[in-house]
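Structure first, commentary second.
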Amino acid sequence: MLKFDILPLLKFKGERTPALYLKKNGFSKTTSYHFTGKKSVKRLTITDIRRLCKLFNCTPNDLFTYVESESKPLPANSAMK
């Protein structure tokens, strides 16, 4: 499963208030809360990805992590590993 996770990027920047940091950088209060909350993100636009990449000086790959499913493991040579 592909998981949206920007908390490591926020931690690397030393942000103690992740949602407030995103809000200060142009994201709405609701979006900031959803991006930094424990729930999974249900909606993510290309514009959001572009803005986050610009904000963190990263690529889209840095915004996501892959969590392997026990019931459907990836092949050993998968690029996702």
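Some notes on this structure:
- Label point at Val67 placed 7 Å out along Cα→Cβ; residues across segment 17-54 whose backbone nitrogen lies under 12 Å: 38-41
- Taking every protein chain into account, the accessible area of the chain amounts to 79 square angstrom per residue (probe 1.4 Å).
- The modelled label-to-label distance between Lys39 and Glu15, using points 7 Å beyond Cα along the C-beta direction, is 1.9 nm.
- Amide H contacts of Phe64 (H built 1.01 Å from N, under 5 Å, at least 5 apart or other chain): Asp5
- Helical mean residue ellipticity (222 nm; -39500 (n - 2.57) per DSSP H run of 4+; nearest 500) of the chain: -11000 deg cm²/dmol
- Rounded to the nearest whole Hz, the Karplus-based 3J(HN,Hα) values (6.51 cos²θ - 1.76 cosθ + 1.60, θ = phi - 60°) of segment 7-14 follow the sequence 4, x, 5, 5, 5, 4, 6, x, with x at glycine and proline.
- C-alpha long axis of helix 46-56 to longest principal axis of the chain, angle in °: 70
- Mean Cα-pair separation over length for the chain, i.e. relative contact order, pairs under 8 Å, 6 or more apart, %: 40
- Solvent exposure, largest accessible area first (probe 1.4 Å, DNA, RNA and ligands not counted), of Val67, Val41: Val67, Val41
- Apportionment of accessible area to carbon and sulfur, the chain, percent (1.4 Å): 55
The values are calculated or read from the model by the stated rules, or taken from the named source; none is laboratory data. Here the structure is a predicted model, which means the values were calculated and not measured. Neighbour counts are summed over all protein chains in view; Cβ atoms, including those assigned to glycine, are modelled from backbone coordinates with ideal geometry. Note: areas computed on protein heavy atoms with side chains; ligands, DNA, RNA excluded. Shrake-Rupley method; radii C 1.70, N 1.55, O 1.52, S 1.80 Å.
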